[in-house]
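Visitor: After the structure tokens below, expect a handful of questions from me.
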Amino acid sequence: MKSLRYGTAGWRRYVAALPRSSRPRPAVETAVAAILRAVRRDGDHALLRFNARFDGVRLSSSALRAPAHEVRASAEGADREVVAALRAMARRIEAFHRRQLDRGFRMRLADGSVLEELVRPLDSVGLYVPGGAGAYPSSVLMNAIPARVAGVPRILIATPPRTLETNPAVAAALVLVGLESAVVRVGGAQAVAALAYGTRTVPRVAKIVGPGNAYVAAAKRQVRGLVEIDHEAGPSEVVVLADETADPGWVAADLLAQAEHGSGDETVVLVTPSETLAREVVELVGLGVRSVANRAATRRALRRNGAIVLVRDLDEAVAAVNHLAPEHAEVIARRAATLARRIVAGAVFVGGDTPVAVGDYGIGPNHVLPTGGAARHASPLSVRDFQRRQSLVQMTGAGLRRVAFGMATVARAEGFEGHAQSVLTRLAG
């Protein structure tokens, strides 16, 4: 891990080199564009070709949709303790997200006119579930439950054809959220294309969410506008703000927990005014690498993006964290609760008893968070992401007369005589 002092040239070089946003790769973009064209042109036939080419699985058109009984059979293979933990996790996630429901509002003006904001669920959503090592049942819950709570009437799950047989816990998560009859066995960019354009077997949707590899991310970028997509997810990030009161073993464990995700591009940072804590954490991180998953990738992440950032005091520590605007921030310091309210991050975890892992595994808030500094302007996935809003305006004659001449004046100032007349003509009678 690098040792830096906040505000120096070394600090600025470190920040500039972080994986702060997705960098589209021309070869990937070109390959994805070809896949999208093929699916748009050939529909199910293209999906079947790509399943055979990329996943080595040959299916018939009728087998693209996984029968509910097969999903339930896969779920039966999941460890019972894991399923029980997922069920408890789902309850906590749902309880939190139900508090996000927005019913809109209605204003009645003194003249009798009515102004409303109507909130409605999207009519359809596609949830992408990666296969292989990226098939996480916790992410299924985090994406599906807000859509369910929002009231989306049609939810489709797209996942590579081997996912359910190789990861029964994902099948169990789908059963828990009632989506065992909504599974399409297709992955990659071709799954995004099917959800965006629609095929004979896969109806098009209004929005596509869920993590994926570079090809999935490129496909989502290329279909945006035809459908809505979620925020692009980058490598995991954690910044721990800690002072000398923090337990160095806990800090080291939390840094390692985020570094072990496996891409080798994760960002793990300790911001502290305590040089003693910094030395102890560096030593413990070095010792702890041998006990985490993806050890080679963890070492690579620590070497590339791991840093100890020394600051003068806790106020400067807050400034350093906010400069990074990370996906996750932890505050383990005196006055932690007060400091946490000043932090800009996707999610903030307060105090030594609150590791980031409790957010990853469903204490309630969503773990789909903005990365790459996007926390400055973006928010965690929520029920609101599966709703749309529209205005409803109903004027009375008295209400129109009250505002008509002012509106016409502004319309004419902008050069729109037709707009002015559209309002004024109603006063002629």
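The values are calculated or read from the model by the stated rules, or taken from the named source; none is laboratory data. Keep in mind the model is a prediction, meaning the values are calculated, not measured. Here the Cβ positions follow ideal geometry from the backbone for every residue, glycine too, while neighbour counts run over all protein chains shown. When the accessible area is computed, the model is the full protein with side chains, heavy atoms only, and any ligands, DNA or RNA have been set aside. Shrake-Rupley method; radii C 1.70, N 1.55, O 1.52, S 1.80 Å.
Visitor: Does the range 67-83 contain at least one residue that is small (Gly, Ala, Ser), open to solvent by 40 Å² or more (accessible area, probe 1.4 Å) and over 30 Å from Arg376 (Cβ atoms)?
Guide: yes
Visitor: Given the condition touching a helix residue (DSSP H, G or I) at 6+ places or on another chain (Cβ under 9 Å) and assigned to a loop (DSSP other than H, G, I, E, B), answer yes or no: does some residue in the range 78-95 qualify?
Guide: So in the range 78-95, the residues touching a helix residue (DSSP H, G or I) at 6+ places or on another chain (Cβ under 9 Å) come out as 78-79, 82-83, 86-87, 89-90, 93-94.
Keeping just the survivors that are assigned to a loop (DSSP other than H, G, I, E, B) gives 78-79.
Checked against the condition, which is being touching a helix residue (DSSP H, G or I) at 6+ places or on another chain (Cβ under 9 Å) and assigned to a loop (DSSP other than H, G, I, E, B), the range 78-95 yields at least one hit.
Visitor: Within the range 131-149, count every residue that is more than 16 Å from Leu381 (Cβ to Cβ) and part of a loop (DSSP other than H, G, I, E, B).
Guide: Going through the range 131-149 one residue at a time, the tally reaches 2.
Visitor: Still on this model: Could you please tell me which pairs satisfy a Cβ distance under 9 Å, a separation of 6+ or placement on different chains, a first residue in the range 82-102 that is under 16 Å from Val149 (Cβ atoms), and a second residue that is among the hydroxyl-bearing types (Ser, Thr, Tyr)?
Guide: Listed pairs, sorted by first residue: Met89/Ser138; Met89/Tyr361; His97/Ser382; Gln100/Ser382.
Visitor: Looking at Arg120, Arg148 in this structure, which one is more than 28 Å from Leu48 (Cα to Cα), open to solvent by 10 Å² or more (accessible area, probe 1.4 Å) and without any contact (Cβ under 8 Å) to a residue 60 or more places away in the chain?
Guide: Working: Arg120 fails: without any contact (Cβ under 8 Å) to a residue 60 or more places away in the chain.
Of the residues listed, the single one that is more than 28 Å from Leu48 (Cα to Cα), open to solvent by 10 Å² or more (accessible area, probe 1.4 Å) and without any contact (Cβ under 8 Å) to a residue 60 or more places away in the chain is Arg148.
Visitor: Collect the residues in the range 384-429 that are more than 30 Å from Ser124 (Cβ to Cβ) and outside any helix (DSSP H, G or I), keeping them in residue-number order.
Guide: Step one: list which residues in the range 384-429 are more than 30 Å from Ser124 (Cβ to Cβ), which gives 395-429.
Met395, Thr396, Glu414, Gly415, Phe416, Ala428, Gly429, listed by residue number.
Visitor: Restricting the range 267-283 to residues that are in a helix (DSSP H, G or I) and among the β-branched types (Val, Ile, Thr), which is nearest to Ile332 (Cα to Cα)?
Guide: From the range 267-283, those in a helix (DSSP H, G or I) are 275-283; that's our starting set.
With the extra rule that they be among the β-branched types (Val, Ile, Thr), the set shrinks to 276, 281-282.
On the way: Thr276: 15, Val281: 13, Val282: 17 Å.
Within the range 267-283, the match that is nearest to Ile332 (Cα to Cα) is Val281.
Visitor: Can I ask one more? I'm told Val205 meets every condition in (1) among the β-branched types (Val, Ile, Thr); (2) assigned to a helix (DSSP H, G or I); (3) over 15 Å from the mean Cα position of the chain (by Cα) except one. Can you identify the failing condition by its number?
Guide: Only one criterion is unmet by Val205, namely (2).
Visitor: Can you pull out every residue in the range 208-233 that is in a loop (DSSP other than H, G, I, E, B) and either open to solvent by 30 Å² or more (accessible area, probe 1.4 Å) or under 30 Å from Met1 (Cα atoms) (or both)? Walk me through it before giving the result.
Guide: Initial filter on the range 208-233 (in a loop (DSSP other than H, G, I, E, B)): 210-213, 225-226, 230-233.
Of everything in the range 208-233, those that are in a loop (DSSP other than H, G, I, E, B) and either open to solvent by 30 Å² or more (accessible area, probe 1.4 Å) or under 30 Å from Met1 (Cα atoms) (or both) turn out to be Pro211, Gly212, Asn213, Gly225, Leu226, His231, Glu232, Ala233.
Visitor: Okay, next question. State the number of residues belonging to the range 320-340 that are more than 22 Å from the chain's Cα centre (by Cα) and either closer than 13 Å to Arg376 by Cα or of a type in the set (D, E, K, R) (or both). Give the steps one after another, and end with the answer.
Guide: Taking the range 320-340 as the starting set, the residues that turn out to be more than 22 Å from the chain's Cα centre (by Cα) are 320, 331-339.
Retained after the next criterion (residues that are either closer than 13 Å to Arg376 by Cα or of a type in the set (D, E, K, R) (or both)): 334-335.
Residues flagged as more than 22 Å from the chain's Cα centre (by Cα) and either closer than 13 Å to Arg376 by Cα or of a type in the set (D, E, K, R) (or both) within the range 320-340 amount to 2.
Visitor: Inspect the range 107-116 for any residue being surrounded by 14 or more Cβ atoms within 10 Å (Cβ to Cβ), part of a helix (DSSP H, G or I) and not β-branched (Val, Ile, Thr) and give the result as yes or no.
Guide: no
Visitor: Only one of (1) modelled with pLDDT of 95 or more; (2) within 30 Å of Ala88 (Cβ to Cβ) fails for Thr199. Which number is that?
Guide: (2)
Visitor: Among the residues of the range 373-387, write down those that are over 30 Å from Ala17 (Cα atoms) and open to solvent by less than 40 Å² (accessible area, probe 1.4 Å). Break it down into steps so the answer makes sense when it comes.
Guide: Keep residues of the range 373-387 that are over 30 Å from Ala17 (Cα atoms), which gives 382-387.
The answer is Ser382, Val383, Phe386, Gln387.
Visitor: Checking Asp102 against (1) surrounded by 12 or more Cβ atoms within 10 Å (Cβ to Cβ); (2) in a helix (DSSP H, G or I): exactly one of these is not met. Which one?
Guide: (2)
Visitor: Considering only residues that are open to solvent by 10 Å² or more (accessible area, probe 1.4 Å) and in contact (Cβ under 8 Å) with a residue 40 or more places away in the chain, look in the range 329-340 and name the one that is farthest from Gln258 (Cα to Cα). Walk me through how you get there before you give the answer.
Guide: If we filter the range 329-340 for residues that are open to solvent by 10 Å² or more (accessible area, probe 1.4 Å), which is where we start, we get 332-338, 340.
Checking the rest, the ones that are also in contact (Cβ under 8 Å) with a residue 40 or more places away in the chain come to 332-334.
Values: Ile332: 17, Ala333: 20, Arg334: 24 Å.
Looking at residues that are open to solvent by 10 Å² or more (accessible area, probe 1.4 Å) and in contact (Cβ under 8 Å) with a residue 40 or more places away in the chain, I get Arg334.
Visitor: Next question. Select from the range 1-28 the residues that are part of a helix (DSSP H, G or I) and open to solvent by less than 40 Å² (accessible area, probe 1.4 Å) and write down the one among them that is nearest to Pro326 (Cα to Cα). Break it down into steps so the answer makes sense when it comes.
Guide: Going residue by residue through the range 1-28, those that are part of a helix (DSSP H, G or I) are 9-17, 26-28.
Okay, now just the ones that are also open to solvent by less than 40 Å² (accessible area, probe 1.4 Å), so 10-11, 14-15, 28.
On the way: Gly10: 19, Trp11: 16, Tyr14: 14, Val15: 12, Val28: 27 Å.
Taking the candidates together, the pick is Val15.
Visitor: Considering each of Ala293, Ala317 in turn, give the residue that is among the small types (Gly, Ala, Ser) and either more than 21 Å from Leu369 (Cβ to Cβ) or modelled with pLDDT of 95 or more (or both). Walk me through it before giving the result.
Guide: On the way: Ala293 fails: either more than 21 Å from Leu369 (Cβ to Cβ) or modelled with pLDDT of 95 or more (or both).
Residue meeting the stated conditions: Ala317.
Visitor: Also, I was wondering about something else. For the range 234-253, how many residues meet the condition of being crowded, with 19+ Cβ neighbours inside 10 Å and outside any helix (DSSP H, G or I)?
Guide: Quick first cut of the range 234-253, residues crowded, with 19+ Cβ neighbours inside 10 Å only: 234-243, 246, 248, 251-252.
If we keep only those that are outside any helix (DSSP H, G or I) too, we end up with 234-243, 246.
The number of residues fulfilling the criteria is 11.
Yes/no matrix, rows are residues, columns are (1) touching a residue at least 12 places away in the same chain (Cβ under 8 Å); (2) surrounded by fewer than 22 Cβ atoms within 10 Å (Cβ to Cβ):
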{"residue": "Leu255", "(1), (2)": "yes, no"}
{"residue": "Ser274", "(1), (2)": "yes, yes"}
{"residue": "Gly286", "(1), (2)": "no, yes"}
{"residue": "Val292", "(1), (2)": "yes, yes"}
{"residue": "Asn305", "(1), (2)": "yes, no"}
{"residue": "Val309", "(1), (2)": "yes, no"}
{"residue": "Asn322", "(1), (2)": "yes, yes"}
{"residue": "Glu327", "(1), (2)": "yes, no"}
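Visitor: Follow-up question, since we're still on this one. Show the residue pairs that are 6+ apart or on different chains and have beta-carbon atoms under 6 Å apart, the first residue being within the range 238-253 and over 15 Å from Asp313 (Cα atoms), the second being polar (S, T, N, Q) and in a helix (DSSP H, G or I).
Guide: Val238/Gln258
Visitor: Does Ala169 count as assigned to a helix (DSSP H, G or I), at negative phi and surrounded by 24 or more Cβ atoms within 10 Å (Cβ to Cβ)? Explain how you work it out, then say what you get.
Guide: Details: assigned to a helix (DSSP H, G or I): yes; at negative phi: yes; surrounded by 24 or more Cβ atoms within 10 Å (Cβ to Cβ): no.
It is false that Ala169 is assigned to a helix (DSSP H, G or I), at negative phi and surrounded by 24 or more Cβ atoms within 10 Å (Cβ to Cβ).
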